[in-house]
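Below is one structure, written out as structure tokens, with a few remarks after it.
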Amino acid sequence: MKTNNRFTLLAATALAFLNFQILAQQLKAPQASPTQTLKQNFALGEIDIDYSRPGAKGRTIYGDLVPFDKLWRTGANSCTKITFSDNVSIEGNAVAAGTYSLFTIPGKTEWTIILNKNTKQSGTDSYKQEEDLLRIKVKPVAMNDKLETFTINVMDITSTTANIDLCWEKTRVDFSVTANIDSTMMKNIEAALSPADKRPYFQAASYYYDNGKDLNKALEWVNKAVDQNPKAFFVVNLKARIQLKLKDFKGAIASAEQSSALAKEAKNEDYVKLNDKLIEEAKKGK
């Protein structure tokens, strides 16, 4: 009889445990360190970052929860992964297109940023330094406001450069990314301008202006872009900016006034203000 009672008790316990597991599977709760996928268009491609975001939750982070001078997964849960769709340079170091795991070694006055070729790691246990693609040193910066949740972001984006920021608590570190697109862009511009119709003169002139190339060629192209789109206030504004850089102050003022009139007609106050500032700057240069 005792054997039967013991069997019944074990069966009831197993059933209760099974029911608990089923209930746990049905209950959706907030993640302690929620995941985020960041997709950022950059240059001619994209930067993707997949990571988990722990919270401070009243804890001291650097030097305590995240020890100084020790390898950190740079987030929580599985390793943080960063993908570059095109070849880039990080702080001057060539990085081929692909996906890498991101590790760091935080320090009081200096951090080590690590790109590692093994993207199937969870934590730091399986990390091997010989699988590193690169290591760079960067300086941490103190932030005025405390940030509760660990955050990675792509900031200060231009046509060919950006910074990747790592921010948590009151500390920020960043490293620069440069897209190696100049030779590709030059070939693309040459190919795009070869057909006789629908030539992208505005885009070509913008690239030359933004990247400090031949401004006289940029002016030639933007004049053709104005012929294509005579009422496009933003095209005429680009012409004014190119003329200002060429120190053609009189021409810049005339183009800015034309752009402003078109912007008012289109009810675009932002470009009216941009043109007013350009006219003011051009008058100082006269």
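Taken as a whole, the condition of being touching a helix residue (DSSP H, G or I) at 6+ places or on another chain (Cβ under 8 Å) and in a helix (DSSP H, G or I) applies to residue 205. Contact map, the range 48-69: residues that are on the phi < 0 side of the Ramachandran plot and free of Cβ contacts under 8 Å to residues at least 12 places away in the same chain paired with residues that are assigned to a loop (DSSP other than H, G, I, E, B) and of a type in the set (A, V, I, L, M), Cβ distance under 6 Å, separation 6+ or inter-chain. Pairs shown: 59/65. Quick one: is residue 211 surrounded by fewer than 17 Cβ atoms within 10 Å (Cβ to Cβ) and either in the same structural domain as residue 148 (by TED's automatic domain parsing) or modelled with pLDDT of 95 or more (or both)? Here the answer is no, as residue 211 does not meet what is asked.
Each row is one residue, and each column tells you yes or no for (1) without any contact (Cβ under 8 Å) to a residue 60 or more places away in the chain; (2) within 30 Å of residue 107 (Cβ to Cβ); (3) in the same structural domain as residue 268 (by TED's automatic domain parsing).
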residue: 136; (1), (2), (3): yes, yes, no
residue: 142; (1), (2), (3): yes, yes, no
residue: 152; (1), (2), (3): no, yes, no
residue: 163; (1), (2), (3): yes, yes, no
residue: 204; (1), (2), (3): yes, no, yes
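Among the residues of the range 67-88, the one identified as over 19 Å from residue 129 (Cβ atoms), assigned to a strand (DSSP E or B) and more than 14 Å from the chain's Cα centre (by Cα) is 78.
Checking residue 151 against (1) closer than 27 Å to residue 98 by Cβ; (2) out of contact with any Cys (no Cβ under 8 Å at 6 or more places or on another chain); (3) surrounded by 15 or more Cβ atoms within 10 Å (Cβ to Cβ): exactly one of these is not met. Which one? Every listed condition holds for residue 151 apart from (2).
Residues are listed down the side, and each one gets a yes or a no for (1) touching a strand residue (DSSP E or B) at 6+ places or on another chain (Cβ under 8 Å); (2) of a type in the set (A, V, I, L, M); (3) assigned to a strand (DSSP E or B); (4) at pLDDT 95 or above:
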residue: 168; (1), (2), (3), (4): yes, no, yes, yes
residue: 176; (1), (2), (3), (4): yes, no, yes, yes
residue: 197; (1), (2), (3), (4): no, no, no, no
residue: 227; (1), (2), (3), (4): no, no, no, no
residue: 230; (1), (2), (3), (4): no, no, no, no
residue: 238; (1), (2), (3), (4): no, yes, no, yes
residue: 244; (1), (2), (3), (4): no, yes, no, yes
residue: 256; (1), (2), (3), (4): no, yes, no, yes
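The values are calculated or read from the model by the stated rules, or taken from the named source; none is laboratory data. Every value quoted in this text rests on a predicted model; they were computed, and no experiment measured them. Note: ideal-geometry Cβ built from the backbone for every residue, glycine included; neighbour counts use all protein chains shown.
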